[in-house]
Structure formats: structure tokens, C-alpha cells
Amino acid sequence: MTYITMSKKELDRYQIISRLLRKEINTVKASELLDLGLRQIKRLKKAVKLLGPKALVHKSRGKQGNHRLPDSEHKQIIHLLKDKYADFGPTLASEKLRELHDIDRDAKTIRLIMIDEGLWKPKIKKQSEHRSWRQRRACFGEMQQFDGSYHNWFEDRAPKCCLLAAVDDATGRITYARFAQNEGVIDVFTFWMGYLRHLGKPRSIYLDKFSTYKMNSKFAQENHELKTQFERALQDLHIEPITAHSPEAKGRIENIFGTLQDRLVKELRLAGISTIEEANLFLEGKFLREYNEKFSVLPVQPANLHQRLTAKEQTQLPAIFSRQYTRTVQNDFTISFNNQWYQLTDDQSVTVAKQDRITVEEHLDGTVKFRLRGKYLNYRIIPKRIPKKAQPWVLAAVANP
């Protein structure tokens, strides 16, 4: 006895055509029931009368597909996936197979192989709270989303560090990215000095409420003139800071960090990179260009709203991106800063009076400068002062070193 495997659709067709052959229904009714043309119904009727049910079975059933992978290539792909790319996603794995092993198969094919071999589990999307989608800005440079991501970027080859990145809102392009030790003021200032020299000033920067970017205390919220060092620097450059109230509000850069924690980690591993310096060269030389070619989109309008730094701004940049504090000139024209005393000299480009409030600039290279009414003051460092109530043996030791 021969068994024929039929799908539900094929079985339904066979039952209708059988009724037609037994003259229980006519050709018009069969056409209506199967939603087929009259000519096709007549062809099926003739085929079933001649061959029986197998006339309705697809001719390729049970045969190997024309596009089926050759066994040797299939085995090679499995070996490479398990040996080199076991923790890669299907898309990145397919790119590396094409780039490094000359195996040109689409991500869907690689995905099916990885699922069969237990290397990939299909992701099930969970229903989440509804959020309104925010439309992208229209122009490149209109707004940059900026954030830092702490992660084991070098896996077990080096300690955890922070990737600072700016993403253009209009295009999704990573405009600038640098590895740093942390998301503190010095590393953030260094990042934005590099950004501005490379691309110019964006119209605005979208930030979270991390302490480097915004004062979050109740007192600071009630006194709007209080600003962080970063807010003050943006004000000096006439760049608008925009504060996000949740991680979801900065969804584009958060999603990009998720992608980078998958792709970039593996690229650094394949390149044998394990230091921040090497990783930054890798970002500049190859990775960001290739990433942006794959994932960035065209802006709604072609204008680039970055403003190039003027010559004056170029000169002032180290001062703008310095940590700034206020100190008072003492009656003997000395200034105390960071447990060190400084003596203002007689030759100054601006008149200095006792009790003047001056600005102290602590530059990224460690130098300290004093500024009053836009002019820098001359000074010399005073050796540590002897306490007034020092013990006699201390005074003797100082007098006879």
C-alpha cells in the first residue's frame, strides 16, 4: 500500500475535485470553493482523473532544494561557528564568514544553522509600556545624544572601562567615540575638546542626569544659576544642553550601546586589542566608518548645522574645558588653592585689589591659572607655610635644613 502525504490545502482541493468528478458539484461551484479560475479547475480535474491524489502533491516534496547548502560547506560553517564565533549573533557571524573566510551566506541562513546547533536562541519580544516615538531631528548636527557605557569592553584582557559616544539624532551616525577610564569631568572634557576640533559645535546635546552633567540636589534645582563644570562650559560655547528624564528618552544611543556591547567587543577580540590607546586608534581608523556605513540613515534635510570654531574659540578651548573655581585675594595678595599658596606679583595687566573674587582655572594638563576681568594674573608658588604654633624643634629644622 502506498501512502501519500498531503497538506491541508492539498487535501481540501482533492475533496472538492473528487466531488466534481462524481458530479456532486459543477465546475463553477468548484472554482468558487477553491478560489481558482475555471481553466485551472479543468486542469486539476483532468490530472486527478489520470493520476489520482498525487496529482495535487507538490512535485518538489521530498527532494533536496535547489538552494540547499552543499554538505561540505554546511559542515565548514558549523565548524567555524563553534570554533570562532560561538557567541556571535547571526548577522555579525555572517559578516565575518564573508569577510574572513569567503563564505557568502545571508544572515537568515546562518541564523537557522546556529539555532539547529544550539548556538542561538530566537528572541521573544516582551510587551512593554507604550511610549510615544520621538521624531528624529531634521538636520545633521542639530542634536547629539551623548552618554557613557561602562562595560568589560576588553573582556578578561583588561579592566572594565567606559566608552564615551556622541550619536547624531538625525542620522543615527556615531559622530565621535572614545574609550576612557570613567565618565568624570576630565574624560568628558577631553572627549568634547576632540569632538569640537574635529566636527565643530552642534546646536544641542541630549544628556542624562548624571552628576557630571547636571546638579540634581534640591538646593541646585531651586537655584538655577548653579551649574556643573560641564553646563558652564556648554554655556560659554553657546551649546544648548537638553536633559532626558529617563533612559528610554535617549533610546537611540541606549540601543547603539547595546549593539556595540555585542559587535565592538568581538571586533576588539578578533583584532587582539586590549588597551584603551589601541582601541581608540581602532575606532578612528576602521570601526566607526564601517559601522556608520551599515547603520546610519539619511537626514530629512541635507544641511549640516555644526558651526566651526572661530580662531578665538580655538584659543580659548583649553580654558573653557578647565575646571573653574572662585577664590578670594587675601590682604597680602596671596591665593589659596588645593592646599597650595600662590603669591600674586606686582606686574599685572589688570588692577588687583584686596578681597577681589578671581576665577581659578585648573587645566586638563594640570596647569593652574588665575583670571580677573578676562585677564590672566602673574604669580609665583609659595613654599608651604610654617604653622604659627609649630614646636621649637620644627622651627630649628626649618632654619637649619
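Values in this text are rule-based calculations from the coordinates and carry no lab data. All values derive from a computational prediction rather than experimental measurement. FYI the Cβ positions are ideal-geometry reconstructions off the backbone, even for glycines, and counts take in every protein chain you see.
Pairwise inverse Cα distances across the chain, averaged and inverted, put the Kirkwood hydrodynamic radius at 28.2 Å. With 5 Å bins from zero, work out the P(r) of region 144-295 over every alpha carbon pair and list the percent per bin. Using 5 Å bins, I get a P(r) of 2, 9, 18, 23, 20, 15, 8, 4, 2, 0, 0 for region 144-295. Projecting the Cα atoms of Leu270, Phe88, Leu196 onto the charge dipole of the chain, computed from C-beta unit charges around the Cα centre, puts Phe88 farthest toward the positive end.
Extension gain, His67 to His238, is 55.7 nm, computed as 0.36 nm per intervening residue step minus the present C-alpha separation. When His306, His151, His238 are sorted by how many other C-beta atoms sit within 10 angstrom of their C-beta, beginning with the fewest, the order is His238, His151, His306. Spin-label model, Arg289 to Lys49: label points 7 Å out along the Cα-to-beta-carbon direction sit 7.0 nm apart.
How far is the Cα center of region 23-100 from the Cα center of region 315-340, in Å? Between the Cα centres of region 23-100 and region 315-340 lies a distance of 76 Å. Rounded to the nearest 10 degrees, the inclination of helix 107-116 to the longest alpha-carbon principal axis of the chain is 80 degrees. For region 144-295, the share of DSSP beta bridges that are antiparallel, to the nearest 5, is 70%. Divided by 2.2 N^0.38 Å, where N counts the residues, the Cα radius of gyration of region 1-96 comes to 1.77.
Rounding to the nearest 20 debye, state how big the charge dipole of region 8-56 is about its Cα centre with +1 on each Lys and Arg Cβ and -1 on each Asp and Glu Cβ.
Working: 14 positive and 5 negative charges, 50 e Å.
Dipole magnitude for region 8-56 comes out near 240 debye.
Using only alpha carbon pairs under 8 Å that are at least six residues apart, calculate the relative contact order of region 73-116 and give it in whole percent.
Relative contact order here is 38 percent.
Sorting Trp120, Trp153 by the number of Cβ atoms found within 10 Å of their own Cβ, with the fewest placed first, yields Trp120, Trp153. On the beta carbon distance between Met193 and Tyr3, with R0 = 51 Å, the FRET formula returns roughly 0.10.
Model label sites at Thr367 and Asp106, defined 7 Å from Cα along the beta-carbon direction, differ in position by 5.9 nm. Please name which of Thr334, Leu50, Gln40 has its Cα lying farthest along the dipole of the chain towards the positive end, using unit charges on Cβ (Lys, Arg +1; Asp, Glu -1) and the Cα centre as origin. It is Leu50, whose Cα lies furthest towards the positive end. Counting other Cβ atoms within 10 Å as a rough exposure proxy, the listed residues Ser18, Ser94 run Ser18, Ser94 from fewest neighbours to most.
About its Cα centre, the chain has a charge dipole of approximately 2400 debye under the convention of +1 per Lys or Arg Cβ and -1 per Asp or Glu Cβ, with nothing else charged. Among rounded, prolate and oblate, which fits region 73-116 when a ≥ b ≥ c are the square roots of the eigenvalues of its C-alpha gyration tensor, a/c under 1.5 means rounded, and a/b larger than b/c means prolate? Rounded. For the chain, the longest principal axis of the C-alpha atoms and the axis of helix 185-199 are separated by about 70°.
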